[in-house]
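Down below is the structure, laid out as structure tokens.
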Amino acid sequence: MLLKVKDLSVSRGGRMLLSGVNFGLAAGEVLLLKGPNGLGKTSLLRTLAGLQPSAEGEIILQNDTAIYAGHADGLKAGLSVIENLSFWADIFTESKRLDEVLTKFDLMAVQHRLAVRLSAGQKRRLGLARLFLSNRPLWLLDEPTVSLDEVSRNAFYKALVSHCATGGGALIVSHTPIDFEGSSKSIDLSHYVAKDFLTIEAAAFL
Amino acid sequence: MIALLSRDLKLTIRAGGGFGFAILFFFIVTLLLAFGIGPDIQLLRKIAPGALWVCALLACLLSMDRLFALDFEDGSLDLLLVAPIPLEVVVFAKSLAHWITTGLPLALITPLLGIFWDLPEKGYFWVCFSLLVGTPALSMIGAFGAALTLGLRRGGLLLSVLVLPLYVPTLIFGAEVSRLGAEGLDLQTPFLLLIALTLGALSLLPFAAAAVLRINLR
Amino acid sequence: MSLWEYANPVKFFALSGRLLPWAAGLSAACLLIGLYWGFFHTPDDYRMGSTVKIIYIHVPSALMAINAWFMMLVASLIWLIRRHHVSALAAKAAAPVGTVMTLIALITGAIWGQPMWGTWWAWDPRLTSFLILFLFYIGYLIMWQSVENPDKAADLTSVLCIVGSVFAVLSRYAVNFWNQGLHQGASLSLDKEKNVADVFYQPLLFAIAGFVLLFFALVLLGTRSEIRLRRAAAVRMRRGI
């Protein structure tokens, strides 16, 4: 198991959003978390990534196995494609070869272009290339296909398939369907909406 | 850490005039201060060490609110938080980069500005040297303030209100060193205290700043 | 039964409701006795004349200005370590009181200093330190104001309070180093060398007790209204507003 979540509650800004979330993710699997906007999908993902504490419940996850990609790609406009990538390669010390990653995400031709001059799709691809570079098995992705065209989307799916084939897994949060042809499960998060929005902290005042 | 440092330096330089702005600001403020005081060279010479310190301190604060804000806006701060590098190191590296692009050039340019203020001969060395020793503390304290006010409305304004009072001890010891140095007096005590302050700030404040960043990114 | 039980907001609210009238009443009594005694039934100082009587406001407020910050520091530490909401809210409630105490100490000091030293303001280490303390209070208050999420605000202000305390102490030493001033020594030394004669001393103790109780009552009051606000927010949240 790459990740197991037991009775997890997720809050944002002192308001309980989701509660009793249960699921597991094995190697080679892609799990799609669906639900309308404002439900707490991003907060759930941030909780799993360790960016915010969980309100209740348990997250079973090995250290240094997950990597998170949020709405923003974390790209520096003033750095070129290759500089952006090699920065993250330095941060994640164990990393793959840069050319391999560049080829995989079709960025070879623009490798010396500054990130500010990339198209939206290219930026997104560069952001996703960072995941591949990190060599971490569990990808936590927030709306990865936003602003990707048909071709780029297919390239992303291909990367996802090869990631899963090598023992990786991915958790994808999206409000648009992801027509991914691989072993993919999906969970509708609307089932886990918290009944009242009180966190334990807020409840202490009543 | 080296990667982070070189990235930040590269970005500041490419953004245009990274080194230049702080120095230019420093220069203009010292000029305005002299205009405000009047052309009495005896008086100017007397207050030069302290005046240069205050102006350098203000120049140090100038670009402080951008320290984490840019990384916060483009999402890289989130990514750094979950990357295999301690956030304390991130804070330290970014403060160091800030010092290299701000504190260091400010300290190095002061002898030149000292000419306008007719610094006593020994003053050139000591104003420059005390700034060299003291500005790392200023950058680090500023980084704490920047972490504290990250993502707030009016963050930049709040930053200066919060950080300037924290600058008091550094300013007092630093200005004292340069004043005593300029007058050729014994400056060992304040100088050692200034060093202690800088070392203390560099070793402890990264933890406070990182803690505050984690709270702010939740 | 442990003291920590009262860290629960509901229990604290009940207990503080019972304590508040007593604290307020006692504070008023002590202040009335101390100030009346001090102002009308003590002799004039042989050197300072009747101006010395401002001591009954100046000294207690200065004392509380520092103690309030110290209390905020302890409360912040408790919040960061044990996550008791009452602690964070008490720190928040103490801040404006401390700010006003600092302001009172500064203003009464200026009023006292003018006839004594011939100036409203001197760059004396004590005066300067209080001015810096005032700035710290203002920063702390603005920080609370600026952050919307109350728990996040509590976390941030707590760290600010701790770091601020360290820098406040550093500033105190730095300012001492910078200028040895003309302010007289502590007015209430516990050693044999009392600087203040007994005649002045006894009403001063009442005034100090009154200020301490006043601070206590105001912090209780402030904490209670903070708890009310949080309760209202919780009710709104439960209704999904």
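The values are calculated or read from the model by the stated rules, or taken from the named source; none is laboratory data. As the structure is a computational prediction, the values presented were derived from the model and not from experiment. Neighbour counts are summed over all protein chains in view; Cβ atoms, including those assigned to glycine, are modelled from backbone coordinates with ideal geometry. Keep in mind that these areas ignore ligands, DNA and RNA; they rest on the heavy atoms of the full protein, side chains included. Shrake-Rupley method; radii C 1.70, N 1.55, O 1.52, S 1.80 Å.
Here are a few things to note about the model shown:
- Heavy-atom accessible area order for A:68, C:173, C:36, largest first, 1.4 Å probe: C:173, C:36, A:68
- Counting only protein heavy atoms and a probe of 1.4 Å, the accessible surface of the range B:2-216 is 72% carbon and sulfur.
- Peptide A:87-93 has a mean of 5 when you count, residue by residue, the C-beta atoms of other protein chains within 10 Å of its C-beta.
- Average 1/r across all pairs of distinct alpha carbons in the range A:75-135, invert it, and you get the Kirkwood radius: 11.1 Å.
- Local net charge near residue B:71, Cβ-Cβ under 13 Å (Lys/Arg +1, Asp/Glu -1): -2
- Area accessible to solvent at residue C:100, 1.4 Å probe radius, in Å²: 80
- Simple label model, 7 Å out from Cα along Cβ direction - residue C:232 to residue A:135, nm: 5.7
- Placed amide H near residue A:28: partners under 5 Å, 5+ positions off or other chain: A:167, A:168, A:169
- Residues whose placed amide H lies under 5 Å from that of residue A:3, excluding near-sequence neighbours: A:25
- Summing charges over neighbours of residue B:128, with a neighbour being any other residue whose Cβ is under 15 Å away from its Cβ, gives +1 when K and R count +1 and D and E count -1.
- Of A:84, A:37, A:154, the one that fluctuates the most in a GNM where chain A has Cα springs shorter than 10 Å: A:37
- Where C meets B: accessible area buried, both sides, 1.4 Å probe, Å²: 2200
- Table column - 3J(HN,Hα) (Hz), the range A:99-106, Karplus curve with 6.51, -1.76, 1.60, x for Gly and Pro: 5, 4, 5, 4, 5, 4, 9, 6
- Whole-Hz ³J(HN,Hα) from phi, Karplus 6.51 cos²θ - 1.76 cosθ + 1.60, for the range A:130-147, glycine and proline x: 4, 4, 5, 5, 6, 6, 8, x, 9, 9, 10, 10, 9, 6, x, 9, 4, 6
- Cα centroid of the range A:45-71 to Cα centroid of the range B:199-214, whole Å: 24
- Only protein heavy atoms count here; under a 1.4 Å probe, residue A:90 has an accessible surface of about 90 Å².
- Per-residue mean of C-beta atoms belonging to partner chains within 10 Å, peptide C:143-152: 5
- Here the range A:102-144 and the range B:103-145 have alpha carbon centers that stand 43 Å from each other.
- Using θ = phi - 60° in the Karplus curve 6.51 cos²θ - 1.76 cosθ + 1.60, the 3J(HN,Hα) couplings for the range A:114-125 round to 5, 4, 5, 9, 7, 6, 4, x, 4, 4, 4, 5 Hz; x is entered for Gly and Pro.
- Computed accessible area, residue C:30, all protein chains, 1.4 angstrom probe, square angstrom: 20
- Ordering of A:101-107, B:27-33 by packing is A:101-107, B:27-33, highest average first (other Cβ atoms within 10 Å, averaged per residue).
- In chain B, the longest principal axis of the Cα atoms and the axis of helix B:87-98 are about 40 degrees apart.
- Rounded to the nearest 10 degrees, the inclination of helix B:168-182 to the longest alpha-carbon principal axis of chain B is 30 degrees.
- Selected from B:135, B:149, B:189 as most flexible by GNM, with chain B as the system and alpha-carbon contacts under 10 Å: B:189
- Neighbouring Cβ atoms from other chains, within 10 Å of the Cβ of residues in C:160-170, number 5 on average.
- Summarising the amide proton neighbourhood of residue A:198: residues at separation of 5 or more, or on other chains, whose placed amide H is nearer than 5 Å comprise A:16.
- Modelled spin-label separation between residue B:116 and residue B:5, with each label point placed 7 Å from Cα along the Cα-to-Cβ direction: 3.2 nm.
- Cross-link reach is defined here as a Cα-Cα straight distance under 27 Å, omitting same-chain residues fewer than 8 places apart; for residue C:11 the lysines meeting it are A:195, C:92, C:152.
- The angle between the Cα long axis of helix B:188-217 and the longest principal axis of the Cα atoms of chain B comes to about 30 degrees, rounded to the nearest 10.
- Here the protein assembly as shown carries DSSP beta bridges of which approximately 45% are antiparallel, counting only pairs with both residues inside.
- Each principal axis of the Cα cloud of chain C was taken in turn, and the coordinate range along them, longest first, works out to 68, 40, 31 Å.
- A 1.4 Å probe over all protein chains sorts A:80, B:160 by accessible area into B:160, A:80, starting with the largest.
- Counting only lysines at least 8 places from residue A:76 when in the same chain, those with an alpha carbon closer than 17 Å to its own are A:123, B:10, B:94.
- Cα centre as origin, Lys/Arg/Asp/Glu Cβ charges: the protein assembly as shown dipole, Debye: 1220
- Overall, the range C:16-239 carries a charge dipole of about 1120 debye about its Cα centre when +1 sits on the Cβ of Lys and Arg and -1 on the Cβ of Asp and Glu, all other atoms neutral.
- Dipole axis of chain B (+1 Lys, Arg; -1 Asp, Glu on Cβ), positive-most option in B:150, B:51, B:167: B:150
- Interface size A-B, as summed buried accessible area [1.4 Å probe, Å², nearest 100]: 2000
- GNM flexibility winner over chain A from A:190, A:43, A:11 (Cα, springs under 10 Å): A:190
- Surrounding net charge for residue A:36, when Lys and Arg each add one and Asp and Glu each subtract one, Cβ distance under 14 Å: 0
- Accessible surface ranking that places the most exposed of B:7, C:82 first, with a 1.4 angstrom probe: C:82, B:7
- Taking the accessible area of chain C, probe 1.4 Å, and keeping the other protein chains in place, the carbon and sulfur fraction comes to 69%.
- Chain A - percent relative contact order, Cα under 8 Å, separation 6 or more: 34
- Solvent exposure of the range C:2-50, expressed per residue, is 65 Å² of accessible area, with all protein chains present and a 1.4 angstrom probe.
- A simple spin-label model places the labels of residue A:184 and residue A:4 2.6 nm from each other, with each point 7 Å out along Cα-to-Cβ.
- Seen through its C-alpha gyration tensor, with square-root eigenvalues sorted a ≥ b ≥ c, the protein assembly as shown comes out oblate because a/c lies at 1.5 or above while a/b is not bigger than b/c.
- When the convex hull of its Cα atoms is projected in every direction, mean area for the range B:2-216 (nm²): 11.6
- Of C:75, C:85, C:114, farthest towards positive along the dipole that unit charges on Lys, Arg, Asp, Glu beta carbons give chain C: C:85
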